[in-house]
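Peer 1: Sharing a structure, written as C-alpha cells. Questions coming.
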Amino acid sequence: MPTFHRWFGALFLGLAGLTTAWADPPSFLRLQEDIPLSGGDSRFDYQAFDPKNGTLYLAHMGAGQIIIFNTRQGKVITTLSGVPMVTGLFVIPETHRLYASVTRQHQVIVFDTLSLKKVAKIPAGNFPDGMAYSPDTRQLFVADELGGEVTVIDVEKNKRVASIKMGGQVGNVRYDPSRKVILANIQTKNELVVIDPQSRAIIQRHPLREGKHPHGLYLDNNSRLAFLGCDGDEKLVILDLNKFDEIGISKVGKDPDVIDFDPGLGYLYVASESGVVSVFRVRDRKVEKYGDYPVGVKAHSVAVDPQTHCVYFPLEKSGKGPVLRIMKPVN
C-alpha cells in the first residue's frame, strides 16, 4: 500500500486539494509491449517527444546514443551515435531541431530532425542537463547541473549568449507560458527560482519549506500548479504558481527524477531511480494520489504520448537487454 503524507489537513484551501485513493498496483498501469533497444545494459536519461509526427527521442546516456522511436509505427527508426554521456533532450518541432546535452563534451549538440545531421555544437558549461525553451525570445535555457549555472542559447544563431549563475546545483528547468518566464530548481539551496528570459536574470527566489534537494520539475499551466520531485527525501512538493505557496507534499518512490503529465486524462507520473512510478490525478486544481507502481529497474525516465495515453519507460536491463517499456493506464 502506498505511503502518503497529508499536509494542512485535506488541503482544501479554496485553490487546490490533495487527497488519497488506493488502487491495486498491477491494475492501473498495464504493459503494452517491450521494444528491444541497442547499446547494451547502460543508463538511459531524458526523453523528448514530438507530438506532430509521433517521434520519441531517447537519451541512451551510457551508450552515447540517441535512439529514435516512431510511436505510430511502433519501431526504432534509427540510432544516432557520437553523443557521449548524453543526458537532456529537447525538440522544437516547428524548426525541426533536436537539442542534446552532451555532458562529456560539455556541449549542446543540435540536430536537424529531417536529415538527422549535426548542425551545431555549442559550449554549455560543465554538466549540461535538462532544457527549457522560451519561444518569445527564441532562447533555450540549459541547466548546468554541476556547474551551478544556466546556459542561454540563441536558437536562431546557434550561439551561447549568456551564462546565469544560480548559486547552487541546478535541477530541472521549465517554461511558464502564462508569465513567460523560466523556472529552475536549485537543488543544493532547496529553492525554486524565476528567470526573466528578456533580461536573462533571476527575478525571484522561493525557498522551499518542505522537500529536500528538488530535482524533477513539471508545470501544469491549466491548473497553475508546479510539481517538484525532491530526491533528498523522496517527496513531491506541490506549489501554487499564482502565489508561489506550497500547498501539498506527498511521498514518492526513492530518488525521484523525471516527471511528465498526460493533460487529457490528468495523470501525473513521477518516475524514480528505484523503478517505482508514483501516479497522481490532477483535476480542477485538486491533486489525488493513485499509488506507487513498480515499472522496472531504474525506470527513472518517463514520457507520455497525450494522444494515445501511452507511457514510455526506457529500462537499461530487462531480461536479455535494454528495452523501451510501453505501458498504459487502464482507466
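Peer 1: What distance in nm separates the two pseudo spin-label positions at Asp112 and Lys165, each 7 Å out from Cα along the beta-carbon direction?
Peer 2: Between Asp112 and Lys165, the label points sit 4.0 nm apart.
Peer 1: Right, here's the next one. Compare the peptides 136-147, 72-83, 314-325 by average per-residue count of other Cβ atoms within 10 angstrom and give them in order, highest first. Walk me through the numbers before you get to the answer.
Peer 2: On the way: 136-147: 21.6, 72-83: 13.9, 314-325: 19.2.
Taking the mean over residues of other Cβ atoms within 10 Å, the ranking is 136-147, 314-325, 72-83.
Peer 1: Rg to Rh for the range 27-166: what is it, with Cα atoms only and Rh by Kirkwood? Walk me through the numbers before you get to the answer.
Peer 2: Working: Rg = 15.1 Å, Rh = 15.4 Å.
Answer for the range 27-166: 0.98.
Peer 1: Just to check, using Stokes-Einstein with a Kirkwood Rh over alpha carbon pairs, what's the diffusion coefficient of the chain at 37 °C and 0.692 mPa s in µm²/s?
Peer 2: Working: Rh = 19.7 Å.
Translational diffusion coefficient: 167 µm²/s.
Peer 1: Pairwise over distinct Cα atoms, reciprocal of the mean inverse distance: report the Kirkwood radius of the range 194-264 in Å, one decimal place.
Peer 2: Details: mean 1/r = 0.0776 Å⁻¹.
The answer is 12.9 Å.
Peer 1: Roughly speaking, what is the centre-to-centre gap between the range 167-224 and the range 260-287 when only Cα atoms are used, to the nearest Å?
Peer 2: Cα centroid to Cα centroid, the span is 19 Å.
Peer 1: Calculate the all-directions average of the projected area of the range 112-163's alpha-carbon convex hull, and give it in nm².
Peer 2: 3.8
Peer 1: Okay, next question. Once Rh is set to the Kirkwood radius over Cα pairs, what Stokes-Einstein translational diffusion coefficient, in µm²/s, holds for the range 95-204 at a temperature of 37 °C and a viscosity of 0.692 mPa s? All intermediate terms of the calculation are to be shown ahead of the outcome.
Peer 2: Values: Rh = 13.7 Å.
Stokes-Einstein gives a translational diffusion coefficient of 239 µm²/s.
Peer 1: In cubic angstrom, how much convex hull volume per residue do the alpha carbon atoms of the range 198-331 span?
Peer 2: Values: hull volume 17.3 nm³, N = 134.
Taking only Cα atoms, the range 198-331 has a hull volume of 129 Å³ per residue.
Peer 1: Could you tell me the ratio Rg/Rh of the range 287-331? Both radii from Cα atoms, Rh via Kirkwood. Numbers along the way, then the final one.
Peer 2: Details: Rg = 11.7 Å, Rh = 11.7 Å.
Rg/Rh for the range 287-331 comes to 1.00.
Rule-based calculations on the coordinates, nothing more; no lab input. What you see is a predicted model; the values in this text were computed from it and never measured. Note: ideal-geometry Cβ built from the backbone for every residue, glycine included; neighbour counts use all protein chains shown.
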